[in-house]
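What follows is calculated from the coordinates using simple rules that are stated; it is not laboratory data. Being a predicted model, the structure only gives us computed values, none of them experimental. Positions of Cβ are generated from backbone atoms using ideal geometry, with glycine treated the same way; all protein chains shown enter the neighbour counts.
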Amino acid sequence: MKKQFLLRLAMCVFVCSVNAQNTEVKFSYEDKIASWLSESLVPAVGIGIIENGELKHTKVFGKLKADTDSPAPENTVFNVASLTKPVTAMVTLKLVSAGKWNLDEPLSTYWIDPDIKRDPRHAKLTTRFVLSHQTGFPNWRWDDGSNMLSFKFDPGSQYGYSGEGFEYLRKAIEKKFGNSLEELASVYLFRPLSMNSTWFTRNTSIASRFAHWHDKAGKNTYETKMRTDVSAADDLMTTIEDYAKFAADVLKGGGLSHGLFADMVRPQVHVKNHIEYGLGWLIVNDLPNDEYALVHTGSDVGVRTAVILLPKSLRGIVVMTNSDRGMEVIRNVVIESLVEGSHIVSYMQ
């Protein structure tokens, strides 16, 4: 009897362990994803789900390149375009929370761009205005063909999305601390959160798991480039798991003081109906159950990405794609994943 009992127990342990290893959490809409990718000619999508402030599940669907049969691995590296900006914002706010940086100190204390040194408005530039996109700069200095940085409006007077603003902030921070933004991010974010597959600059070891960029026809026509210089605004390379870790940390306060987190999620400037801008994040208001969302999207050639965080209920989602038509898939994922998804999508159109 004892021998039979031990044999049955051993068999149970073996079977249970095998079953546990083979158990895979599935998204409720997982059977729809393949058709979404096919219909929109999007090769790959990575999805990360956050519940109760914790990363619950991540998964990557599709292929690194449309003309290959190899599936995209779980550690696929995506260029996340402007999802770089929330990372830069959180590094900066962590410096503020540590008493090493000031939100409202003039950036001219540390950096003045030569293009605007004769314009007295440079003295009005602050970190607060950069993080809430109130610098007065265009998105990029070459947008008007001049390749010269200039003010389109007075700093602090209105909203105007600007990658130049984030680059201006990076230069000021790097001047003060004598470290690159990437080095500061490693100290304050990447290492503490075990974001081991996240880089601002080129890493040749990721070639075999990099999500190549695709055009609207689903073709891999774009030359894949990786930055050799750090940008505070664009081109961060990361995995869905790493960025979802970051997003979950933001939902839990990011290690910021209570007052600073409240300032981050407080509207700093009006954008349009239902939407304001906080510090580093779009704030989408008027959602069901008195909820609001922190949102950021990314768009570059062959890249579309999004992160949505719901601070009151500690839920969130991160979605990454490698296609010009990726937003079509992202909308479907957001609507299926979040009760508030359809409202968020409609408000942002």
Under DSSP H, which helices of the chain have Cα atoms covering 27 Å or more of the helix axis and a Kyte-Doolittle average no less than 1.6?
none
How large is ³J(HN,Hα) for each residue in region 338-345, as worked out from phi by the Karplus curve 6.51 cos²θ - 1.76 cosθ + 1.60 (θ = phi - 60°), to whole Hz, x for Gly and Pro?
10, 4, 8, x, 5, 5, 4, 4
Exposure proxy check: Y277, Y222 ranked by fewest other beta carbons within 10 Å?
Y222, Y277
Using the 10 angstrom Cβ neighbour count as an exposure proxy, how do D215, D154 rank, fewest first?
D154, D215
Stretch gain in nm, segment T228-K32, where the contour uses 0.36 nm per residue and the Cα spacing is subtracted
66.8 nm
Could you give the distance between the Cα centres of region 230-274 and region 167-220, to the whole Å?
16 Å
If you consider only alpha-carbon coordinates, what radius of gyration and Dmax does region 296-349 have, in Å?
11.0, 34
Students often get this wrong: which residues of region 276-302 have the backbone nitrogen under 19 Å from the point 7 angstrom along Cα-to-C-beta of R266?
276-286, 292-295
Give me the distance in nm between label points sitting 7 Å out from Cα along the Cα-to-Cβ direction at S257 and K171, one decimal.
3.0 nm
How high is the FRET efficiency from R121 to D69, r the C-beta distance, R0 51 Å, rounded to 0.05?
0.40
Among 251-257, 174-180, what's the highest-first ranking by average C-beta atoms within 10 angstrom per residue?
251-257, 174-180
Three-way shape call for region 121-259 based on the alpha-carbon gyration tensor, with the a/c threshold at 1.5
oblate
Report the label-to-label distance for S180 and D300 in nanometres (one decimal), using points 7 Å from each Cα along the Cα→Cβ vector.
1.5 nm
Within a Gaussian network of the chain (alpha carbon springs, distance under 10 Å), most fluctuating of T109, T68, T58
T68
Rounded to the nearest 500, the 222 nm mean residue ellipticity computed for the chain from DSSP H runs (n ≥ 4, each -39500 (n - 2.57)) alone is -9500 deg cm²/dmol
